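Chemist: Below is one structure. I have some questions about it.
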Amino acid sequence: MNVLLTFDIEVWCNSWATLEQDFPTSFERYVFGRSEAGDFALPKTLDILDRHGLKGVFFVEPLFAARFGLESLATIVGLIQQAGQEVQLHLHPEWTDEARMPLLPNVTGKTAAPFVLQPRRADRTRGSWAKNAERGRSDAALSLPFRQLRLQ
Ligand SMILES: [Zn+2]
């Protein structure tokens, strides 16, 4: 049996109306899982995978960086890469109209539904999975159930 460990890494704020105010604490919460009981989220997950000799694929949502800059995105990607894990693309187009510079023409509101499934399905069948022959074979063998699982 083959098991794929995948993780969606994304930052959500409490409200689109208060992004500037909420982003710093939301970033800390979603990425570092800071709490009174300790830090969890991404670093804890990476540590657990490392302790058990496991590999995972981390689907990182990058569009928030179009609003808040690349530094936070680089922090996320750096943590994952330093841990020897794989980074792949995960898009939440709800961020598109929040970008400081327009990402798409004629986007003036939240348009999630048409975009959410298409990029995820496409991205999970390309990239380094297809470039690596061994992974390509396992990806091909698992591609249908994997896609179905991801789209639910
Ligand atoms: Zn997501």
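The values are calculated or read from the model by the stated rules, or taken from the named source; none is laboratory data. Just so it is clear, the structure is predicted and the values come from calculations on it, not from any experiment. Every residue, glycine as well, gets a Cβ built from its backbone with ideal geometry; the counts of neighbours run over all protein chains shown.
Chemist: Counting only residues that are under 23 Å from F40 (Cα atoms) and aliphatic (A, V, I, L, M), which one in segment 4-18 is nearest to the ligand (Cβ to nearest atom)?
Modeler: Checked segment 4-18; the qualifying residue nearest to the ligand (Cβ to nearest atom) is I9.
Chemist: What are the pairs with Cβ atoms under 9 angstrom where one residue, in segment 88-100, is aromatic (F, W, Y) and the other, located anywhere, is within 10 Å of the ligand (Cβ to nearest atom)? Sequence gap at least six, or different chains.
Modeler: Every condition considered, the pairs that remain are W95/E61.
Chemist: Look through segment 46-82, keep the residues that are β-branched (V, I, T) and either in contact with a Leu (Cβ under 9 Å, 6 or more places away or on another chain) or not in a helix (DSSP H, G or I) (or both), and return whichever of them is nearest to the ligand (Cβ to nearest atom).
Modeler: V60
Chemist: Answer yes if at least one residue in segment 119-128 is in a helix (DSSP H, G or I), modelled with pLDDT under 55 and more than 16 Å from the ligand (Cβ to nearest atom), and no otherwise.
Modeler: The answer is yes; a qualifying residue exists.
Chemist: Looking only at segment 19-45, count how many residues are part of a helix (DSSP H, G or I) and either within 16 Å of the ligand (Cβ to nearest atom) or in contact with a helix residue (DSSP H, G or I) (Cβ under 7 Å, 6 or more places away or on another chain) (or both).
Modeler: The number of residues fulfilling the criteria is 12.
Chemist: May I ask you to say which residue of G33, G38, G84, G53 is at positive phi and either surrounded by 15 or more Cβ atoms within 10 Å (Cβ to Cβ) or among the aromatic types (F, W, Y) (or both)?
Modeler: Matching residue, one of G33, G38, G84, G53: G33.
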